[in-house]
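Novice: Here it is, the structure, as structure tokens.
The values are calculated or read from the model by the stated rules, or taken from the named source; none is laboratory data. Remember, it's a predicted structure, so these values are computed and weren't measured experimentally. Methodologically, a virtual Cβ is constructed for each residue, glycine included, from the backbone with ideal geometry; neighbour enumeration extends over all protein chains shown.
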Amino acid sequence: MRNSTPAWVRVPVLFFTIFLLMEYFIDSGDQPAFIAYPMTVYFLILVLMLLIAIELILKSIENIMYQTLSEEAKARYRESKSQGWEWAWGKRVYQKLLGSRPIEEEGEIILDHNYDGIRELDNRLPPWWIYLFYITIVFGVVYLVRFHVFNDYDQDTEFEQEMAQARIAIEEYKKTAKDLVDVNTVELLTEASDLKAGEVIFQGNCAVCHMNDGGGGIGPNLTDEYWILGGGIRNVFNTVSEGGRSGKGMVAWKTSLKPSEMAQVSSYILSMQGTTPANPKDPEGEIWIDENAAAEEAEVQTDSTMADTPMETEALNPLEQEE
């Protein structure tokens, strides 16, 4: 009837075993299962209650069986229970690290000091404390040689390295966290999947005013080169996010669409440039020119002109000079 392992060990071990198995078999991505699926928390609570209930039931059965024993058997049972459970190896290690003398040997280390009947023992420092002190000395020597003799690196270098790693981690995170995009970081999306998603959003929210082909109705024509609030991905994204001109009817879609969805629909709108709608509305606004693109084009043209200009620094042939 004696258990080799106490209940306060069995219950936690079984509970965490079930918890680890649950985390292993449930596919929750990068998050723990109990965070991704809150229902698993209730499952764990139920498991814990069942384990505790089983231990209580076993304890009750043990008590009932104890009452059926003879007095001699009860005495043997109580004797076996009094021995208790102990971790022999752990106890030996603990005693060794503590380094204290047994009570029987305290007479050898007792001092003459007497404080109201309290006698002082001349115990040595605990071995764990001495080992830790030696470790700090070794660590200090290694630290001194590494950073003050060989000048491995300083705090400024370490800070710059960690900041560089943090920036790389942030950029990697942004690649998968599309909803972090805003008007300053949005980029034109060209993937077919993004444009298809943008088309679905456009047809469901924007076509009522701009028509399915973007030709314009209540809203302006989106297929020509004229823009009221500016063209380009950033201007279009800002218009979709913040809404159109005051009193003109276009709402701010940032309350209904995610940043990634606004980037998709803005990219789809720009993909409609140059198409021919069935019944296009007259142009509104002004022709928008991308200043950055214009500057780059001008620079390319300048470089091309300079490359085509012949060099006139060559000396004339002496015979031609005489002629």
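Novice: If you go through region 200-222 one residue at a time, how many are of a type outside the set (Gly, Ala, Ser), buried (at least 20 other Cβ atoms within 10 Å of the Cβ) and either assigned to a loop (DSSP other than H, G, I, E, B) or in contact with a strand residue (DSSP E or B) (Cβ under 8 Å, 6 or more places away or on another chain) (or both)?
Specialist: Qualifying residue count for the region: 4.
Yes/no matrix, rows are residues, columns are (1) part of a helix (DSSP H, G or I); (2) of a type in the set (Ser, Thr, Tyr):
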position	(1), (2)
LEU97	yes, no
ARG101	no, no
GLU106	yes, no
ASN114	no, no
GLU120	no, no
LEU125	no, no
TYR131	yes, yes
VAL138	yes, no
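Novice: Might you let me know whether region 91-101 holds any residue that is in the same structural domain as PHE25 (by TED's automatic domain parsing) and within 30 Å of PHE16 (Cα to Cα)?
Specialist: No, that holds for no residue.
Novice: Suppose the filter is surrounded by 12 or more Cβ atoms within 10 Å (Cβ to Cβ) and not β-branched (Val, Ile, Thr); does LEU51 pass it?
Specialist: In short, yes.
Novice: Within region 264-271, is there a residue that is closer than 27 Å to GLY29 by Cα and either in contact (Cβ under 8 Å) with a residue 24 or more places away in the chain or assigned to a helix (DSSP H, G or I) (or both)?
Specialist: Yes - at least one qualifying residue is present in region 264-271.
Novice: Please state which of the following conditions ASP182 fails to meet, knowing it meets all the rest: (1) assigned to a helix (DSSP H, G or I); (2) closer than 30 Å to LYS258 by Cα.
Specialist: The number of the failed condition is (1).
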